[in-house]
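Worksheet: the structure to be examined is printed underneath.
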Amino acid sequence: NFSRVTEFILLGLSDTRELQVLFFTFFFVAYAMVLLGNLLIIVTVRTDPKLSSPMYLLLCNLSFIDICYTSVTSPRMLVDLLSQRKAIAFEDCIAQLFFLHFVGASEMFLLTVMAYDRYTAICKPLHYTDIMSRRVCWVLVSACWAGGFLHSIVQTLLTIQLPFCGPKTIDNYFCDVPPVIRLACVDIYVTEWLMASNSGLISLVCFLVLVTSYMFILVTIRVRFTEGHWKALSTCASHVMVVTLFFVPCMFIYLRPFSTFSSNKLICVIYTVFSPVMNPLIYTLRNNEVKASMWKLWKRCRA
């Protein structure tokens, strides 16, 4: 017989008041950058008919996912940084866990699709419009969301079936699978391996597919090197940097037994805060067509 825990206490990033104010300022600016940058990208792509290719459709969806992803953790973290008691109800904790994995896994799948799109455009340019038609693009985007939902519902169901009777302190600034299931009142050996094989393998497989696609691109560029392919090489290098920033921390967190390692808050900050900030800068704002469309939109708004 277990007494059910009704709330958890989040320890946050620091218990020092001065650091909390500093963290609040930094993460508020980062959250604002994610919201404004990605909203600008979505509006630009939606209002410019020239940006109707599959690549820009995928970029638009990535911006929407980034807004959702950072909104799962950042608002709560900002409120807690100014609060004395950082309590979160059990139901809210499970909801945050669900949406974090739902949107996070969807982004992993979408980044993989975007790498395939770049591989097709560079390695098979003559067949690009046939392989990556608008209909195929929407099917792939829908599959990304469906895959994210299936992944997240499995993680959530495995979590809520565990009994929680205390302790109720989570050594992090948001609810995630590893720190939450460590508080369960039963042996979680089987559950943590099931979860690690779910989250960890998704991260690993998507990362390997991404790396493989970029390797094929590099081989193609090496064979027929032109000025245009130099630009593609520069783009791919920046994409690999952002992908690494997102996937490697996720693999470090989820591709291992949860109970044997403590939570690393710095690593969590990298894939929940820094990666969404970098995505619009690397994937879109380095694109000359998007920058030109943004400039047109700015002049139109001022007129």
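The values are calculated or read from the model by the stated rules, or taken from the named source; none is laboratory data. A quick note: this is a predicted structure, and the numbers were derived from the prediction, not measured. Cβ placement follows ideal geometry from the backbone for every residue including glycine, while neighbour counts extend to all protein chains displayed. Heads up: the accessible areas ignore ligands, DNA and RNA and are worked out on the full protein's heavy atoms, side chains in. Shrake-Rupley method; radii C 1.70, N 1.55, O 1.52, S 1.80 Å.
Counting only pairs 8 or more places apart or on different chains, how many lysine pairs in the chain have C-alpha atoms closer than 22 Å? Taking the Cα cut-off of 22 Å, the pair count is 11. Peptides 209-215, 131-137 ordered by packing proxy, namely the average of other Cβ atoms within 10 Å per residue, highest first: 209-215, 131-137. Apolar share of the accessible surface for the chain: 69 percent from carbon plus sulfur atoms, 1.4 Å probe.
In the chain, the inverse of the mean reciprocal separation of distinct Cα atoms equals 20.7 Å; this is its Kirkwood hydrodynamic radius. First select every other residue whose beta carbon is under 15 angstrom from the beta carbon of Leu58; then total the charges, Lys and Arg +1, Asp and Glu -1. Around Leu58, the charge tally is 0. Farthest toward the positive end of the dipole of the chain, out of Tyr214, Phe98, Phe252, is the Cα of Tyr214, where the dipole comes from beta carbon charges about the Cα centre. What the chain shows is 49 Å² of accessible area per residue, with the surface traced by a 1.4 Å probe over protein heavy atoms.
Dipole size of the chain about its Cα centre, with +1 on Lys/Arg Cβ and -1 on Asp/Glu Cβ: approximately 1080 debye, rounded to the nearest 20. Of the DSSP H helices in the chain, those with a Cα length along their own long axis of 15 Å or more and a mean Kyte-Doolittle hydropathy reaching 0.0 comprise 17-47, 54-81, 90-123, 134-160, 189-223, 227-254. The peptide list 19-25, 141-147, 40-46, 176-182, put in order of mean Cβ contacts within 10 Å with the highest first, becomes 176-182, 40-46, 141-147, 19-25.
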